[in-house]
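Following: one structure in structure tokens, then a few remarks.
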Amino acid sequence: IVTVSVFSIMNKGVASMYDSLERAQVRQILDAQSEMLQYARDQYVVQQTPQSAAMSLDDAAAAAVWTRLRDTTQVPDIAGIPGLNDCHISNAFYLTMRPNGGNTTMVLEKNGVISPSSGLPEPGNGLWIQKISSQAAQLVPYKDFYIKACWQPVGSDVPQVLSSVVRLYDQN
């Protein structure tokens, strides 16, 4: 009885450790999408300043991504934050870095249906961004982005969900 209970406690501890590790890795993936959004916005702002120096192709591509994000016809808004446990999406996109010669360039990719991934989520496979509309954004120019990850952990039938909302102020 003692041996069985010790193994049971050890199994629960190991499962908890793997769950914590998995969530930390997914949080880093969410943060990377957030940082790419911020970088795109920052490069757009730099490009708009009259005294801006010539931008590299990579910086100009990031600024172009923000230009696309500002346009609701290219990346439509959604009304409010979707259900927290909803892993089916519409009007989603993700940001990724693609090789471009000897450099890498930021690219905005639109996706059809994204479902929970097996293993850790990655952009376009269980990880996406949605642009959220807001009436208050007419008074103070900002864009809200809902970043969400859905994945199926090993040994579990229940999909896991982590999400974040990022607000980035825009200039008119």
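Listed values, structure above:
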item: Criterion violated by VAL75 - all others in (1) at pLDDT below 80; (2) in a loop (DSSP other than H, G, I, E, B); (3) not aromatic (Phe, Trp, Tyr) satisfied; result: (1)
item: For GLN47: the one exception among (1) among the polar types (S, T, N, Q); (2) assigned to a helix (DSSP H, G or I); (3) modelled with pLDDT under 85; (4) closer than 22 Å to LEU162 by Cα; result: (4)
item: Residue count for the range 110-129, restricted to those that are at pLDDT 85 or above and open to solvent by 20 Å² or more (accessible area, probe 1.4 Å); result: 0
item: VAL46 free of Cβ contacts under 8 Å to residues at least 60 places away in the same chain and surrounded by 12 or more Cβ atoms within 10 Å (Cβ to Cβ); result: yes
item: Checking PRO82 against (1) surrounded by 15 or more Cβ atoms within 10 Å (Cβ to Cβ); (2) under 18 Å from ALA149 (Cβ atoms); (3) touching a Phe, Trp or Tyr at 6+ places or on another chain (Cβ under 8 Å); (4) at pLDDT 80 or above, the condition it does not meet; result: (4)
item: Cross-chain or 6+ apart pairs with Cβ under 6 Å, the range 5-27 first and under 21 Å from LEU120 (Cα atoms), then among the hydrophobic types (A, V, I, L, M, F, W, C); result: GLN25/LEU120; VAL26/ALA149; VAL26/LEU162
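For every residue, the table says whether it meets (1) more than 19 Å from the chain's Cα centre (by Cα); (2) within 26 Å of LEU108 (Cα to Cα); (3) of a type outside the set (Val, Ile, Thr).
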{"site": "ILE1", "(1), (2), (3)": "yes, no, no"}
{"site": "TYR39", "(1), (2), (3)": "no, yes, yes"}
{"site": "GLN43", "(1), (2), (3)": "no, yes, yes"}
{"site": "ASP58", "(1), (2), (3)": "yes, yes, yes"}
{"site": "ALA61", "(1), (2), (3)": "no, yes, yes"}
{"site": "ALA64", "(1), (2), (3)": "no, yes, yes"}
{"site": "ARG68", "(1), (2), (3)": "no, yes, yes"}
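The values are calculated or read from the model by the stated rules, or taken from the named source; none is laboratory data. In this text the structure is predicted, and so the values were computed from the model without any measurement. Positions of Cβ are generated from backbone atoms using ideal geometry, with glycine treated the same way; all protein chains shown enter the neighbour counts. The accessibility values were calculated without ligands, DNA or RNA, using every heavy atom of the protein model including side chains. Shrake-Rupley method; radii C 1.70, N 1.55, O 1.52, S 1.80 Å.
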